[in-house]
Amino acid sequence: MKLDGYGEESCAVTESAPTENPAAPVDGIKADDKDSEEVLVPPLNFAMVDNGIFRSGFPDSANFGFLKSLGLRSIIYLCPEPYPDSNIEFLKANGIRLFQFGIDGCKEPFVNIPEETIREALTVLLDTRNHPILIHCKRGKHRTGCLVGCLRKLQKWCLTSIFDEYQRFAAAKARLSDQRFMELFDVSSLKNMPMSFSCLKR
């Protein structure tokens, strides 16, 4: 596991205060009013998973205003590639921690989803001290879908509902191997984790 993009098994956490960028007047809009006029663009495949948990595809600079509006504390990044410098700067400027779990984006039939990596990512996801949190991979379909599916299993969703949610995001790219992984994933070792977000409240 890599944290904050600073190497293997490190835990460097950025605690920077948010930076303010004074807005210049644009097309007759006063600087004070510009923020209220700003169009917030969510990343590809963005959705709320649960209270304080979001999912999406890879965010770029066009999405930074939207992500800032979520008040994120953490991001779970499920790809092995280094996080872009512009994204790292955005995280530092807004005091957001990056947890990187490098899962290769293989295609069927050569899919190897590392169960231990998903388990580690779930441990970060279930810790409400990391919320609000965003989970993302490249497109927000397969790797993100598997992690969310395993969370749903822990939340005692039936497999039909878990697969329906997965397929809603993966669409024509849905993989049987992903669904098989979710079906066989053993949540028993995570059942003692404290869970206090909305779907789990009775």
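The values are calculated or read from the model by the stated rules, or taken from the named source; none is laboratory data. Note that the structure is predicted; figures quoted are calculated from it, not measured. FYI the Cβ positions are ideal-geometry reconstructions off the backbone, even for glycines, and counts take in every protein chain you see. Accessible surface areas use protein heavy atoms only, side chains included; no ligands, DNA or RNA. Shrake-Rupley method; radii C 1.70, N 1.55, O 1.52, S 1.80 Å.
Quick notes
- Any hit, segment 101-116, residues being in a helix (DSSP H, G or I) and open to solvent by less than 40 Å² (accessible area, probe 1.4 Å): no
- For first residues located in segment 49-75 and free of Cβ contacts under 8 Å to residues at least 24 places away in the same chain, partners that are open to solvent by 10 Å² or more (accessible area, probe 1.4 Å) and aromatic (Phe, Trp, Tyr) and lie 6+ apart or on another chain with Cβ distances below 9 Å form the pairs 63/46.
- Residue 160 of a type in the set (S, T, N, Q), more than 19 Å from residue 55 (Cβ to Cβ) and open to solvent by 30 Å² or more (accessible area, probe 1.4 Å): yes
- Residue, modelled with the highest pLDDT, within segment 170-192, restricted to residues that are farther than 18 Å from residue 117 by Cα and open to solvent by 30 Å² or more (accessible area, probe 1.4 Å): 176
- Filter pass, residue 142 being open to solvent by 20 Å² or more (accessible area, probe 1.4 Å) and either in contact (Cβ under 8 Å) with a residue 12 or more places away in the chain or on the phi > 0 side of the Ramachandran plot (or both): yes
- A single member of 98, 67, 125, 134 is of a type in the set (A, V, I, L, M), touching an Asp or Glu at 6+ places or on another chain (Cβ under 7 Å), surrounded by 17 or more Cβ atoms within 10 Å (Cβ to Cβ) and closer than 28 Å to residue 175 by Cβ, and it is 98.
- Number of the exception - residue 12 against (1) open to solvent by 70 Å² or more (accessible area, probe 1.4 Å); (2) at pLDDT below 95: (1)
- Of all residues making up segment 125-165, the number that are in a loop (DSSP other than H, G, I, E, B), closer than 16 Å to residue 113 by Cα and of a type in the set (Lys, Arg): 2
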